[in-house]
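Structure, as structure tokens:
The values are calculated or read from the model by the stated rules, or taken from the named source; none is laboratory data. If you're wondering where the values come from, they're calculated on a predicted model, not measured in any experiment. Note that each Cβ is placed from the backbone with ideal geometry, even for glycine, and that neighbours are counted across all protein chains shown. Surface accessibility is based on the protein's heavy atoms, side chains included, excluding ligands, DNA and RNA. Shrake-Rupley method; radii C 1.70, N 1.55, O 1.52, S 1.80 Å.
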Amino acid sequence: MSSTQTTMPNPACKGKTSTVRASEFAKSTFNPIRSIVDSMKLNPHPDKHMIALSIGDPTIFGNLKPHETIIEAIQKSISSMLYNGYAPTPGYKDARQAVADYYTISEAPVTSEDVILCSGCSHALDLCISAIASRGQNILMPRPGFSIYRTLATGYGVNTKPYNLLPERGWEADLVHMESQIDKNTAAIVVNNPSNPCGSVYDKTHLLDILALAERHSLPIIADEIYDFFVFKGETFYPLATLSKNVPILTCSGLTKRFLVPGWRMGWILIHDRNNSFDPEV
């Protein structure tokens with residue numbers, strides 16, 4: 001048959017349609033927040049403006065705008081014509097170095113090699129979970145907590161086990177309950193500080209207690225710190241990696257909240273591994 005010939009349709013298939021089945025990954029991927037928000041059908045009060053408080057988008061009301069320096073940097077980058085091609089997998093080195101310079105301090109030095117740029121903080125969390133946990137294993141996540149941890153893990157066949165937060169203690173983690181949830185299949189602990197949705201900011205003592213627990217069980221921590229330094233006066237935010245001597249930590253953050261540009265989808269992972277605990281593949 002020549003390359004110009006076409007095949008004739010099978011008469012037996014005429015009028016028939018087939019179903020393209022969803023994959024196991026698609027069936028198990030479910031974001032409860034998006035499901036609720038996207039399916040809401042409201043009839044707003046005709047005389048009152050509706051205030052949407054469903055998703056943490058700091059730009060939605062228009063009163064919080066990114067600093068002009070950020071806009072100018074983007075314009076300069078586009079005009080340079082230097083960044084229109086494929087970027088290195090972990091991101092351009094100068095951009096990674098900028099993130100490293102922003103975060104590095106003596107207690108937790110960071111180099112460009114320790115930074116992976118991602119498509120938002122959610123993507124950073126996705127990469128961390130898929131790099132550390134295998135199908136059938138589990139990760140610990142806070143309850144109440146951000147639902148996307150479960151969404152991401154379930155798609156990979158990774159189970160989630162909640163550990164309680166204590167409202168009477170300013171939403172600190174219940175360390176007794178956390179430790180009781182650990183078993184031979186536990187791959188990592190997710191720590192979200194400052195907390196979404198609780199708004200709590202853990203003090204140094206509590207963070208050290210979490211680190212001690214993780215060290216006892218030789219578990220890495222995925223630190224969701226997208227609200228880093230986003231605290232009221234009088235409160236102090238301690239990056240978890242600055243307090244860790246032995247526990248390997250993957251810190252996830254990005255431009256979304258503090259820099260007021262969630263739609264730009266720019267996040268990163270900071271790899272803190274002082275004792276080379278992670279396999280090279282991680």
| field | Mean accessible surface per residue for the chain, computed with a 1.4 Å probe while every protein chain stays in place, in Å² | value | 62 Å²
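Which peptide among 82-90, 186-194 comes first, and what is the full order, when sorted by highest mean count of other Cβ atoms within 10 Å?
Details: 82-90: 9.4, 186-194: 23.0.
In decreasing order of mean packing, 82-90, 186-194 become 186-194, 82-90.
Using a 10 Å cut-off on Cβ atoms, rank the peptides 240-252, 270-282, 125-137 from the highest mean neighbour count down.
Details: 240-252: 21.6, 270-282: 13.0, 125-137: 18.2.
Answer by packing, highest mean first, reads 240-252, 125-137, 270-282.
Calculate the all-directions average of the projected area of the range 154-282's alpha-carbon convex hull, and give it in nm². The partial results should precede the final answer.
Details: hull surface 36.3 nm².
Dividing the Cα hull surface by four gives the mean projection, 9.1 nm².
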| task | Express the relative contact order of the chain as a whole percentage, based on alpha carbon pairs under 8 Å and six or more residues apart in sequence. | result | 19 percent
| LYS161 accessible area, assembled protein chains, probe 1.4 Å, Å² | 50 Å²
| With DNA, RNA and ligands ignored, accessible area of ARG258 (1.4 Å probe; Å², nearest 10) | 100 Å²
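Suppose only helical runs count, i.e. DSSP H with n ≥ 4. What mean residue ellipticity at 222 nm does that imply for the chain under -39500 (n - 2.57) per run, divided by all residues and rounded to the nearest 500 deg cm²/dmol?
When only DSSP H runs of four or more count, the value is -8000 deg cm²/dmol.
Would you calculate the volume per residue, in Å³, of the smallest convex hull containing every Cα atom of the chain?
Working: hull volume 73.5 nm³, N = 282.
With only Cα atoms used, the chain gives 261 Å³ per residue.
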| note | For the range 53-189, the percent of accessible surface on carbon and sulfur atoms (probe 1.4 angstrom, ligands and nucleic acids excluded) is 57 percent
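Note the count of lysine pairs whose C-alpha atoms are less than 26 angstrom apart in the range 128-253, limited to pairs 8 or more residues apart or on different chains. It would help to have the intermediate numbers written out before the result.
Details: LYS161/LYS184; LYS161/LYS204; LYS161/LYS245; LYS184/LYS245; LYS204/LYS233; LYS204/LYS245.
Final tally of qualifying lysine pairs is 6.
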| note | With +1 on the Cβ of every Lys and Arg and -1 on the Cβ of every Asp and Glu, the dipole magnitude of the range 161-204 about its Cα centre, in debye rounded to the nearest 20, is 140 debye
